[in-house]
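Visitor: First the structure, which I've put down as structure tokens, then a few questions once you've had a look.
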């Protein structure tokens, strides 16, 4: 991962581990991120539903892999096959550790820690898919782009198939 | 909780267990000095430690019991049933105090004064009665046990304990679980290392790898051993359980144990605890007869429940047998019918052993009335469910008038198991070796796999085995082309064995079982996952779920109906193969004359003169259109159809291929007319009238058409 860091001036900050899915910039609270890993061999688990990409072996641990694009309902580009490949973000949730497939890891970005309406926060853009809208915990206004922080607990809650 | 207090609870629970066990011994031999000594010491320890922790209720109760025990041990009174019952109740009360301490850190507020009075009364009464014979046993002395007699055994006990505490330590089971997890990772790392070293071809590395390899294997067996406990650990409670059950139903029972040192994994042991309890209760309540009935049958008044345990091929087999009346199969049949589990005909078709196994069905109970002990219909299904949950099986067999045997088979350990590695499509899968019966290679032309009414079957030494295609179970693209080379793994899930079609068998491997997490909880086809030597993951198949998914029981009932047809000659039914000639025109072929079902490529059908033939099994098979043959008119053949569906029928050593439109199903037909000279007989199958083709007649006609003298 590139060690790119952007600093928000003034006030207490929080760090987000950021990545892209299509042209969206997303982030997850870094305290819940265990590690970022390169693409891995994934073993598919048949009958498990489209959001689950399979399982992977991380140094002897078997982790469930969530296909984050499908989970968040973000369209794939036409020429892009259903990817089971890509870098992974291994995150810790209340139901155990899970690996998320993302398009590209961006880096760590500092954001304002305070929640609530101020100029560093923005409403969710209107054109987002419902699954993603439900998973947003906050939208941070960066220049030139918005950073969508996702709620890992919600994203990683098993979905009924 | 305070660590010392926790240790007191653990230790006292063990002591109470000893008391229970030894009281059972005492009941057989009321004057057994070893048993009395052991009970006394255990009670004394509880009393002493309770005093130390300031637990007055426990202390007083234990003290009262000790008083009674002192008298028994001194021979002032002889242990009778009432003494033993009272002492058992004391043990139970102490247990509830202990469990209360474990949760609330204080004694339970059970009022045990009445119990204490009873115990003391028992001392007094019998002491008085015994007093004239033994002057030394005055009540005064008996309350405080004579020091001379207590000191000696106590000292023995102390020294015993010292030696055992020098060589054993208590370890929290969580530590053992962690150890096992780490061991699993080490095994995986070792597997990877061995593979990598083999590629590197470096002498020094190879030697080192070799050593690590051996040490890991040794270590693994030791670590597995730390989790092993003798089956005695759960059997210990059985005599007491049997006694209580027997008392409740007015019977006499003794318990015999064989192989109580057989060791098995802690987790497995816990899993069989409930099944064991239910089996023993069932044996005592339903199996063993009343003393009068036993005497009338020429048996001793006291029934025996025998527990046997042994290792068998990586499994542990636990048998619970009684010498009772066996299972009342007619009663089970009637009950199953009443509860709507099966139809009358289906029940009549089942073998007695099959019927006996119905007692494992959920909610099943034959007890006429609901008793305290059994008859609520929850019980025996727990036996099978629990055994299966950990990859085991439960079975019951019986000999009328001589007894019933429950057999529970469970794997030795759950964490690291031998497994068969198979390939289906691109992926590898592991099947626990414990469920694999055998592997059969299906021949290249696919003729080993038949399609009966949509269900795939294989004839294994004459018996029909339902087949499950792993690819279609996994929703992968079904094997569209006839599989070139497939293997059938015969598996034992619940009940009947079934075959699993896989692409390839890779061999056996020891695998470390890892659970799949909550994200895959909705997929019941997999029992877990494991990391293979190359670092990739293989999923572990759940054999029971595979069998259930593939609805094997339907084939089973078809097979049963065949069995019925052969075993109940008074009911003239024949299994028939129903085929479709045209959309609504169906006829049936007697199944016994159907040798195989084939699907020939149209390109393979050759014309020789007027005959249509195919090369088949190094021979030439004549094909005849069944519809033509029966004079039902030619069906215009679909020009796009690339296949000829054929039933190969056999008569007096000659084979004939009958072209049909579609194979429908296997059914049971009641013959209506028996005229052998017509081409068909009318019969009733599945409630509708159908023509059954007379094969003999058909051959004659067929051969005539072909211009051969019949």
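Values in this text are rule-based calculations from the coordinates and carry no lab data. Because the structure is predicted, anything quoted here is derived from the model rather than measured. Please note: Cβ atoms are built from the backbone with ideal geometry, for glycine as well, and neighbour counts cover all protein chains shown.
Visitor: Between residue A:38 and residue B:595, with labels modelled 7 Å along Cα→Cβ, what's the label distance in nm to one decimal, could you check?
Guide: Output for this residue pair reads 6.1 nm.
Visitor: Something else: Looking only at other chains, what is the average number of their beta-carbon atoms within 10 angstrom of each beta-carbon in A:37-45?
Guide: Details: counts 0, 0, 0, 1, 4, 2, 10, 7, 11.
Mean shielding by partner chains, rounded to a whole number: 4.
Visitor: If each of residue B:460 and residue B:113 carries a label point 7 Å out from its Cα toward its Cβ, how far apart are those two points in nm?
Guide: 6.8
Visitor: Ok, one more. Take peptide B:525-538, look around each residue's Cβ out to 10 angstrom, count Cβ atoms belonging to other protein chains, and average those counts.
Guide: 4
Visitor: Work out, step by step, the length gained on full extension between residue B:338 and residue B:99: first 0.36 nm times the residue separation, then minus their alpha carbon distance; give nm to one decimal. Don't skip to the answer; put the middle values down first.
Guide: Details: separation 239, 0.36 × 239 = 86.04 nm, distance 4.24 nm.
Residue separation times 0.36 nm, minus the Cα-Cα distance, leaves 81.8 nm.
Visitor: Then there's this: Using alpha carbon coordinates only, what is the Rg to Rh ratio of the range B:173-226, with Rh defined as the Kirkwood radius?
Guide: With Rg and the Kirkwood Rh in hand, the quotient comes to 1.09.
Visitor: Between residue B:213 and residue B:14, 0.36 nm times their residue separation minus their Cα-Cα distance comes to what? Don't skip to the answer; put the middle values down first.
Guide: On the way: separation 199, 0.36 × 199 = 71.64 nm, distance 3.97 nm.
The residue B:213-residue B:14 span can extend by a further 67.7 nm.
Visitor: Across peptide A:56-66, how many C-beta atoms of other chains are within 10 Å of each residue C-beta, on average? Present the calculation step by step, with values, prior to reporting the outcome.
Guide: Numbers: counts 2, 10, 0, 5, 13, 4, 11, 3, 6, 1, 1.
So the per-residue partner count for this stretch is 5.
Visitor: What's the exposure ranking of B:257, B:380, going from fewest to most Cβ atoms within 10 Å?
Guide: B:257, B:380
Visitor: Strictly greater than 17 Å: what percent of every Cα pair in the range B:1-119 meets that?
Guide: 50
Visitor: How big is the range A:5-156 along each principal axis, measuring the range of its Cα positions in Å and listing the largest first?
Guide: On the principal axes, the range A:5-156 reaches 47, 33, 24 Å in Cα extent.
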